[in-house]
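Please treat every number below as a calculation from the coordinates, not as lab data. The structure displayed is predicted, hence computed values, not measured ones. FYI the Cβ positions are ideal-geometry reconstructions off the backbone, even for glycines, and counts take in every protein chain you see.
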Amino acid sequence: MQYYAFSLDNSWKLISERLKLYLPLIKHLQTGLLVITGFTGYASAKPAEMSFFIISGLLGSLFLTISGSTVLNMVWDRDIDSRMNRTTNRPLPAGRLHSIEASILGVTLSVIGMAWAFSLSLFFAVVLFSGLFLDVIVYTIWLKRKTAWSIVWGGVSGGMPILAGRVLGLGEIDWIGIVLCLAILLWIPTHILTFSMRFYDDYSRARIPTFPSTYGYNNTRRVIALSSLGAAMAMGTGAWALGIAMGYLQVLVLLSVGILALGILSVYHPSERINFSLFKYASLYMLGSMVLVVFGVLR
């Protein structure tokens, strides 16, 4: 009996240790935000029935598929991560996890997630798979090491969860879903380009082309300001078209003013502090926008 208890304790210890290695591979904060956008897309459709079965399937399939694609990206980029100070201690470049094990994990998560998505809706699964394909194959494997414009395809991939969620709720792609997807696409540069400026030396060391290294800091800041404006306009248009209550719309406008103000400040009064503030605010802006849309349509 004591031996059994000892073996059970060891098993749980081993499982816990593996999970600690796996968690950084899925980038849980980024994945969580994308899952929230997917639920927002579904809620925006105002489906007649929001059953536990459908919502759990939506959230579960999104989480597993996005996590799987992120793990596969980590496997492919492990050589890049080993040359960057901020990523060199990740499990793969640090040698704490073998690439074969991580690849199996990524494929398993993706396959289970896609199978779950197909059980809900073929159309939903196709849109979700499009996001996975664009993220892993087009963005990470094909373009990331070749051109700074790879972020466009990364942005399209990032917009697929919210479009997929709306497709699951509506059963079709409509112009509002496309506008919401566009809002995510235009938000991505604000998030990524501020990050690439903050860690310019890391990306240069890894020989990854970025907007700052290709077009310079000033042009990059202009792109950020313009993309922030575009994201705010697209999000506002989508929220207005959904008919969310004026109070929620007003708060959304205030959030948009904040990201636009920081974007403009970064152009005319550039500083590391403003750049980092914009990077942090961008995530809060997107999370806040999603919450406002959900509560606005389900009020």
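Quick look at the values:
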read-out: Residue order, fewest to most surrounding Cβ atoms within 10 angstrom, among 114, 197, 233, 160; value: 233, 114, 197, 160
read-out: Virtual paramagnetic centre 7 Å along Cα→Cβ of residue 152, amide N under 18 Å, in the stretch 206-226; value: 209-216, 219-226
read-out: Those lysines that a straight Cα-Cα span of less than 30 Å connects to residue 146, excepting residues fewer than 8 apart in one chain; value: 27, 280
read-out: Estimated inter-spin distance, residue 98 and residue 23, nm [label 7 Å along Cα→Cβ]; value: 2.5
read-out: Expected 222 nm ellipticity per residue - DSSP helices of 4 or more, -39500 (n - 2.57), all of the chain, to 500; value: -26500 deg cm²/dmol
read-out: Dimensions (Å) - the stretch 53-109, Cα atoms, principal axes, largest first; value: 43, 22, 15
read-out: Contact order normalised by residue count of the chain, Cα under 8 Å, 6+ apart, percent; value: 20
read-out: Loop trypsin sites (Lys or Arg not before Pro), the stretch 58-107, which have at most 13 other Cβ atoms in a 10 Å radius of their Cβ (DSSP); value: 86, 96
read-out: For the stretch 13-171, the Rg and Dmax computed from alpha carbons only, in angstrom; value: 16.1, 51
read-out: Percentage relative contact order, the stretch 87-195, counting C-alpha pairs under 8 Å, at least six apart; value: 22
read-out: Cα-based reach from residue 46 at 16 Å (exclusive), listing aspartates and glutamates while leaving out same-chain residues under 8 positions away; value: 172, 174
read-out: Cα pair distances in the chain, grouped into 10 Å bins until the bin that holds the longest one, percent each; value: 6, 26, 32, 23, 9, 2, 1, 0
read-out: Under DSSP loop assignment and at most 11 Cβ neighbours within 10 Å, longest GluC sites (Glu not before Pro)-free interval of the chain; value: 173-299
read-out: Contour minus Cα-Cα distance for residue 123 and residue 82 (0.36 nm per residue); value: 10.9 nm
read-out: Alpha-carbon Rg/Rh ratio, for the stretch 174-299, with Rh computed the Kirkwood way; value: 1.03
